[in-house]
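**Q** After the structure tokens below, expect a handful of questions from me.
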Amino acid sequence: MAGEILVIGGGIAGLTAAIEAAETGYDVILVEKNPYLGGRVSQLNKYFPKLCPPFCGLEILFKRMKSTPKLKYFTNAEVLEVTGEEGNLRVKVKIKPRYVNENCTACGACKEVCPVEAPDDFNFGLKTKKAIDIPSIMAMPFQYYIDDRYCDKCGECVSACKYNAIDLNEEEKIIDLNVASIVVATGWKPYDATKLDNLGYGKFKNVITNMEMERLASLNGPTGGTIQTMDGKPIETIAFVQCAGSRDENHLPYCSAICCLASMKQATYVREQYPDAKIYIFYIDIRAFGRYEDFFAKVKADENIEFIKGKVAKVEEVDGKLVVTAEDTLTGVKNKREVDMVVLATGMQPAIEPIPGIELDEYGFVKPKPGIIPAGVAAMPMEVASANESATGAALKAIQVARR
Amino acid sequence: MEKVGVYICSGCDIDKLDIDKLKNVAKEEFGIEAKVHPHLCSKEGVELINNDLSELDAVVIAACSPRVKTAVFTFDGKYVERANLREGVVWSHDIDVHAQELAEDYLRIAITKAQKAEKPEPHLEEVSKDILVVGGGVTGLTAALEIAKAGYKAYLVEKEPELGGWAAKFYKTLPITPPYTQIEEPVVSKLIEEVKNNENIEVYTSATIDAISGQPGMFDVTINQNGNAVNFRVGGIVVATGWKPYDASKLEEFGYGKFADVITNVELEEMAREGKIVRKSDGGEAKNVVFIQCAGQRDENHLPYCSSVCCLVSLKQAKYVRELTGGNAFVIYKDMRTPGLWEDFYKEMQQDEGIFLTKGEIKDIKEENGRLVVEVTDTLLGEDVEIKADLIVLATGMVSTLKGLYTVKEEFPDEKTVPYKHIYEPRLIKSDEDVEVLKQAGHILNLQYRQGPELPTLKYGFPDSNYICFPYESRRLGIYAAGAVRAPMGIASCIEDAKGAALKAIQAVELVAEGKTTFPRTGDIDFPNFFLQRCTQCKRCTEECPFGALDEDEKGTPMPNPLRCRRCGICFGACPERIVSFKTYSIDQMASAVKSIYVPDPNWEEGAEDKFRFIVFACENDALPALDMAALNGIKYSPLVRVIPVRCLGSVNTVFIADALSKGIDGILLIGCKFGEDYQCHFIRGSELANRRMENVAETLERLMLEPERVQVIEVSITDWDKIPEIIDKFVNQIIEIGANPYKGF
């Protein structure tokens, strides 16, 4: 077993690829740009179709990680450049300071004294955090970090820390790795909804994205899991707008594969809290492939969930209510619904920023080449199950090179 | 373990407890001089432990939850037990005398467990690392090639005389790599060549499997190749037997069997391979071809699921019509399902002016003046449409080759057996003959496992797994399914899928070679030992093991196969004779831990509710993390409760309950994962089994004149941290209401 394997990205695909390769007996290094592992799925409330919490699978992954000495990881780490060829790839990695070292026991004394409130990216700014904080309640590593965009280095936390865990002078490091193969599992980001001018995001506060809905519904989210309008009112009517950016030449020409199912899942969140709420799902095609059709059938059976075929043309605010208008291009028939809240099923965009040595296709997805193996949504849009499959297959391709 | 060291951390508010009293527990009750450090997980703290290690067999860390600082508190070759004083006591309780008593009990439990643990040794065998691939279609070919490329030998077994499977029977295929825009020549012939030329792959065509016995690393395979038996040994298996088309003769509503010119998508492929698309009735060229989507799929009466690829297949076949006849193709669909980058293919086909795509429902298919007419209703235009057709192609769906097979006994319960809730459609069998008849329907692996010959399935014949998070993890260690046998998918997906299953098979052979288990307790070398002299052949363990690890001799005595075992402890929970134990997780250890809890004197004055004692057996995968998170959120619960983590609720033996009750514990709560069709248990049915066993316990309690409420099972999920404390407190109050355990003090 010659070379090491590098996995870029510590979301569900990266974790799976790294753990599967390490458990097969290979040395693996995982780098993650966030201060925590778990990626997008750690922001989700539940998975479709089982409506089970992502933390459940993450817990097992983290546990496996802890008992696999062959797997090492760096958070706050970004790949700057890849050179060389399959079997002998050289990678430059920037490790940004966390300012909190492994002495941290996550006791939380630092957070209590931190005077700086900062927007919480994990919650899409729907709530604040402290400049020193723990990314989430299930964070791995379970260790605080300082967000240096907001920290003013007042030093309160340093005095409060009994464990000598905070170093405000920690500096950025560049490390050079030499690996046999690289799994690129850089995942996705939600398409920027402000680009969808006709749908009112950023203009009307009760137009939110599907990822924001995940946070609203999460127990550790901004509202403690209560789904409500941004003015704190209960939901009587809500509309989900499918293909918000996806399947659209002006935005994302491809289909994001998961948004239909994600919206149906979110419809069940609303239903759980509001037994009588009217839920409208505007769609072009409902893409509930494979066994997920069962989930579609279950959601469709709910009388108060109406599926309306048609692409949404606009969202307006009329007398404090949101009005969603969909138009059928063939018939010209217009469908209007007045609602309290609109959820845009924004699509998945590859999250990777250009890295010299890694090729991207026209949409920004990672192209495979010898020794460089895309996995999960870095390769194409897919849901969690497919991402895990893709990642496991990527682990095989990676070990084939590493064993030579 | 004889030499146990005890280390108490006084950091993170643990020093709010009386540390000297904790030290006294170790000293006076166990004769151990505990050491205290204010930051045990620091370098100096760990150094303190390291300095003593040579003198120790086991280390008790009385600090934070076992879920944190795990790597820091791992010491090579030493048994580690954690007493959860931080999340379990100081962060989840007001600090008072009760919290102190709780902490002391946690220390007693941890020291007892450490003392009762034994040193595990791996079960080592001479193993084969070769891998068997069953099925020679695209998935199987890819799996074999990828296994060979990883340096392992593959045996490829195909029942047909030729390799290639369905893909070899297709005229053209969808693209297998981006851009997904053009139809392509099938790749399968290239794959076949590569497989045939690879010296690390041994191919057997016209061959089926007569038997596979043994365990991972040492599966003995007997195949039947044209009547001749061939034997070989492999370490792991990839099942890639693919799919079969849904039986179109059941699709009378679409005119199949009634009109000669109604054919299936599979039949169209054959026709196209002949180079022409014609009416079957008179051989005339088919100029107008109508494709009907969801011919059986998404229909409760046929295949309730979606076959994922039929929309794309029909688009591809529409292109055949364009290329071969220059005629028109009409595709009638419910939803056009071309997810992800396949949207590009859909868009490309939309550019073709001879391909008409219409959403609609089929109202009728009839013959008018010798021509077929398709009546479509519920279209987007709001009106009914009639399309004259030379040929109607039904886009029939894919059925897993496991569907309809006799897989495992639990899917075919007899009248006496209660079916498991995760079995979607248990099929009742009445006699052993029924089983023999069922077995005639065909077979794939013919596993010589006591529980049945094939991979257990979930719904629709898809192999059972936690399919969102761990899609390849089957219920048979070393055996992994890939391709259309696992879920409906197209060729591009099959190729990807084959790699994943190949990796899992390779991983399994590497792990079992070192005596280690696989997911989810990967790397665990400890395995269950059976003290068979005391076995009463009740067969509970052999029936309940979710992984089929135990076979049986003719008397019904279990014959363990340690390399099949996933170390959940369900067998150990099942055994009424208490004869199953791991070295590091044993009946004696757990029962002693229960008995180590200090139960206050029963002669208390009225109203001394704080002398009640409760035990919560918490699944370490879901309930325990949820309790940790409750603590992090500062949610408090009754300090009268002692939480004892278990590998799985299925590993809770009723003897623990009996011991607890006879010791004077007032109530016992088991908290574990959800069960049923959408089960979350990582050991498939541990929580369901716990539930069943406790139903029996309830009867016993009533016989002993104890209230059945004293023992309860609760299902939670890991994010129910807001609810678990409430559940616990409610339980505690309920039992306090009922009154103290009358056996206290006896």
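Since every read-out is calculated from the coordinates, none of them should be taken as a lab result. Computed from a predicted structure; not experimentally measured. Note: ideal-geometry Cβ built from the backbone for every residue, glycine included; neighbour counts use all protein chains shown.
**Q** Rounded to the nearest 0.05, what FRET efficiency do B:GLN448 and B:ASN200 give with R0 = 25 Å and r taken as the Cβ-Cβ distance? Could you check?
**A** Here the calculated transfer efficiency is 0.40.
**Q** Still on this model: Tell me the GluC sites (Glu not before Pro) within segment B:167-210 that lie in a loop according to DSSP and have at most 16 other beta-carbon atoms within 10 Å.
**A** B:GLU199
**Q** Something else now. If I build a Gaussian network model for chain A, linking alpha-carbon pairs within less than 10 angstrom, which residue out of A:ARG64, A:ARG291, A:ARG90 has the largest mean-square fluctuation?
**A** Result for chain A, Cα springs under 10 Å: A:ARG291 fluctuates most.
**Q** If you take the beta carbon distance between A:MET230 and A:ASP121 as r and set R0 to 22 Å, what does 1/(1 + (r/R0)^6) give as a FRET efficiency, to the nearest 0.05?
**A** Approximately 0.75, to the nearest 0.05.
**Q** Then there's this: Can you tell me the mean projection area, over all orientations, of the convex hull of chain B's alpha carbons? Units nm², please.
**A** About 38.0 nm², averaged over all directions.
**Q** Let me ask something additional. Report, in degrees rounded to the nearest 10, the 0 to 90 angle that the Cα long axis of helix A:12-23 makes with the longest principal axis of chain A.
**A** 40
**Q** Okay, next question. Which log10 I(q)/I(0) values, to two decimals, does segment A:311-360 give at q = 0.26, 0.32 Å⁻¹ under the Debye formula with one point per Cα?
**A** One equal scatterer on each Cα of segment A:311-360 leads to -1.00, -1.16.
**Q** Quick one: how many lysine pairs in segment B:336-418 have C-alpha atoms under 29 angstrom apart, if they're 8 or more apart or on different chains?
**A** Pairs that pass both the separation and distance tests number 7.
**Q** Against the longest alpha carbon principal axis of chain A, how many degrees, from 0 to 90 and to the nearest 10, is the axis of helix A:384-402 turned?
**A** 20
**Q** Same structure, new question: What value, in deg cm²/dmol to 500, does the helix sum -39500 (n - 2.57) over DSSP H runs of n ≥ 4 give at 222 nm once divided by the residues of chain B?
**A** The helix contribution divided over chain B gives -8000 deg cm²/dmol.
**Q** Sticking with this one: Among B:SER400, B:SER42, what is the fewest-to-most ranking by other Cβ atoms within 10 Å?
**A** Lowest count first: B:SER42, B:SER400.
**Q** What spacing in nm lies between the two simple spin-label points modelled at B:GLU433 and B:GLU514, each 7 Å away from Cα in the Cβ direction?
**A** Going by the 7 Å Cα→Cβ label model, 5.3 nm.
**Q** Dividing the Cα radius of gyration by the Kirkwood radius, what Rg/Rh value follows for segment B:612-680?
**A** Ratio value, two decimals: 1.00.
**Q** Taking only the alpha-carbon atoms of segment B:153-233, what semi-axes of the equivalent ellipsoid follow from 5 times the gyration tensor eigenvalues under a square root, in whole Å, largest first?
**A** Semi-axes from the Cα gyration tensor: 31, 14, 11 Å.
**Q** Tell me the label-point distance for the pair B:LYS636, B:GLU55, using the 7 Å Cα-to-Cβ offset, in nm and rounded to one decimal.
**A** 4.0
**Q** To continue, here is another question. I need the calculated FRET efficiency for the pair A:LYS195 and A:ASP361, taking r as the beta carbon distance and R₀ as 22 Å, to the nearest 0.05.
**A** Given R0 = 22 Å and the Cβ-Cβ separation, E is 0.60.
**Q** Need one value for B:294-305: mean number of C-beta atoms belonging to other chains within 10 Å of its residues' C-beta atoms.
**A** 2
**Q** Kirkwood Rh and Cα-based Rg: tell me the resulting Rg over Rh for the protein assembly as shown, rounded to two decimals.
**A** That ratio is 0.97, to two decimals.
**Q** For the peptides B:270-283, B:444-457, what is the packing order when you average, over each peptide's residues, the other Cβ atoms within 10 Å and list the highest mean first?
**A** The packing order, highest mean first, is B:444-457, B:270-283.
**Q** Taking neighbour counts of Cβ atoms within 10 Å as a proxy for exposure, in what order, fewest first, do B:VAL157, B:VAL239 appear?
**A** In increasing order of surrounding Cβ atoms, one gets B:VAL157, B:VAL239.
**Q** Further question on the same structure: Take the eigenvalues of the Cα gyration tensor for segment B:1-119, scale each by 5, and report the square roots as semi-axes in whole Å, largest first.
**A** The equivalent ellipsoid of segment B:1-119 has semi-axes of 21, 16, 12 Å.
**Q** In addition: Partner chain Cβ atoms within 10 Å, averaged over the residues of A:101-109 - can you pull that number for me?
**A** What the average comes to for A:101-109 is 5.
**Q** Follow-up question, since we're still on this one. Give me a single rounded figure for A:63-73: the average over its residues of other chain Cβ atoms within 10 Å of their Cβ.
**A** For this peptide, the per-residue mean of nearby foreign Cβ atoms is 3.
**Q** Just to be sure I understand the curve: with the Debye formula and one point per C-alpha of segment B:245-400, what is log10 I(q)/I(0) at q = 0.09, 0.13, 0.19, 0.21 Å⁻¹?
**A** For segment B:245-400 at q = 0.09, 0.13, 0.19, 0.21 Å⁻¹, log10 I(q)/I(0) is -0.25, -0.54, -1.24, -1.55.
**Q** Can you check how the C-alpha radius of gyration of segment A:191-347 compares to 2.2 N^0.38 Å, as a plain ratio?
**A** Cα Rg divided by the expected 2.2 N^0.38 Å: 0.96.
**Q** Next question, about the same structure. Please list, by residue number, every one of the GluC sites (Glu not before Pro) in segment B:651-746 that is coil in DSSP and has at most 16 other beta-carbon atoms within 10 Å.
**A** B:GLU677
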